[in-house]
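Scroll down for the structure; my scribbles are underneath it.
The values are calculated or read from the model by the stated rules, or taken from the named source; none is laboratory data. Predicted model only: the values in this text are computed from it and were never measured. Heads up, the Cβs are rebuilt from the backbone with ideal geometry, glycines too, and the neighbour counts pull from every protein chain shown. Areas reflect the complete protein model, heavy atoms only, side chains present, ligands, DNA and RNA absent. Shrake-Rupley method; radii C 1.70, N 1.55, O 1.52, S 1.80 Å.
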Amino acid sequence: MQSQDNSGIDVLVSEVGPRDGLQMLARTMPTHAKLRWIEALAHAGLPEIEVGSCVSPKRLPQMADTDDVIAHAVNNTQGTVILALVPNLRGAERAFAAGAHKVTIPVSASRAHSQANLGMTPEDVIAQIRAIDALRRSWPGTKPRVEVGISTAFGCTMEGRIDEDWVIRLASMAAEAGADSVGLSDTTGMGNPAQVKRLFTALIRDLGMKAGGAHFHNTRGQGLANVVAAIDVGVTAFDSSQAGLGGCPYAPGASGNIVTEDLVFMLEAMGLHTGIDLDKLADARRILAESLPDETLYGHVPEAGLPVGFLYARS
Ligand code: ZN
């Protein structure tokens, strides 16, 4: 972490709602509402926020304002790492120019998904990572960080099962190409806790310090169980989305990403310090409810409230 002292945190929660959540919605959240929401999330103590995706606005009109959102978020939050998803070198140039502290590049382990989503083979994306690493090394001033997420690592809606050795080999290729860290994403919500333990154990064994965090979707309700399984084998960074925004087109009633509020509650209740304030997170959720009045907001903790006698990990 370059702009914040996270040394006191046990588990890093990275908020991906403004990217993963909003890009799933048919409607576009107005830029001013995005900015208010991101500021409120930062105020709640989220150490890292993925604020958008530097893709073609033709492909994802919901993300057309990402460059402005990055610049505003960098200037109006303090101590929060602002990151953007980039699919290629062109996207990384945009993110760096806007001032992003960090970029995350998706590499799909499924060839069919990679072709459909990015129009590239996994090997093509590895070449893009190499080019992005070269660009950041020559970037003036503070060097942005480069993270990779292996998507469809736990299964693919098009290909079904994905070979686990291939997933880990691909992660090693991404690390060798210059990524600072490589995490695993359950893009399709197909993972289970036993699989999570196997894959992250292998990732940590092969990548060591470059083994990154987990990105789980709650499509089949396995999200928090998968988090606990990952914690058990040493994973300390998780993506989540406030209100599980975005839902899942294949599973009506299911949230999209795991819900930030539920994740933070679980971690703090387990004695793992996140630095995040659940009351302030509720303030951020209100902004979301006001700006997206027709969207379903998920989460058990926001519905039930904090239990009597609840104590944060450090209190
Ligand atoms: Zn996702």
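Here are some notes:
- Among 307-315, 193-201, the order from most to least packed when residues are scored by Cβ within 10 Å on average: 193-201, 307-315
- Cβ-based charge dipole, the stretch 184-315, positive-most Cα from 241, 204, 282: 204
- Using equal-weight Cα scatterers in the Debye expression, the normalised intensity of the stretch 185-271 in log10 at q = 0.18, 0.20, 0.24 Å⁻¹ is -0.73, -0.88, -1.16.
- Using only side-chain charges placed at the Cβ, +1 for Lys and Arg and -1 for Asp and Glu, the dipole size of the stretch 12-293 relative to its Cα centre rounds to 480 debye.
- Relative contact order (percent, whole number), the stretch 59-171, Cα cutoff 8 Å, 6+ residue spacing: 25 percent
- Here the extension length gained between residue 300 and residue 204 equals 31.4 nm, from 0.36 nm per residue of separation less the Cα-Cα distance.
- Most to least packed among 230-239, 9-18, 217-226, 118-127 [average Cβ atoms within 10 Å]: 9-18, 217-226, 230-239, 118-127
- Only lysines eight or more places from residue 197 in sequence, or on another chain, were considered; those with a Cα closer than 18 Å are 210.
- Helix-only CD estimate at 222 nm, as mean residue ellipticity for the chain, using -39500 (n - 2.57) per DSSP H run (n ≥ 4): -12500 deg cm²/dmol
- Sum of side-chain charges, residue 155 neighbourhood, beta-carbon under 12 Å (Lys, Arg +1; Asp, Glu -1): -2
- For the chain, the antiparallel share of DSSP beta bridges with both residues in that region comes to about 5%.
- C-alpha center-to-center spacing [the stretch 275-302, the stretch 15-30] in angstrom: 14 Å
- Protection proxy ranking, peptides 108-116, 269-277, 139-147, average beta carbon neighbours within 10 Å, highest first: 108-116, 269-277, 139-147
- Sulfur and carbon atoms: percent of accessible area, the chain [1.4 Å]: 51 percent
- Using a probe of 1.4 Å, the accessible surface attributed to residue 266 totals some 30 Å² when neighbouring protein chains are kept in position.
- Where the alpha-carbon atoms of the stretch 127-173 are placed on the principal axes, they occupy 43, 18, 14 Å, in descending order.
- Per residue, the solvent-accessible area of the chain (1.4 Å probe, heavy atoms of protein chains only, all protein chains present) comes to 41 Å².
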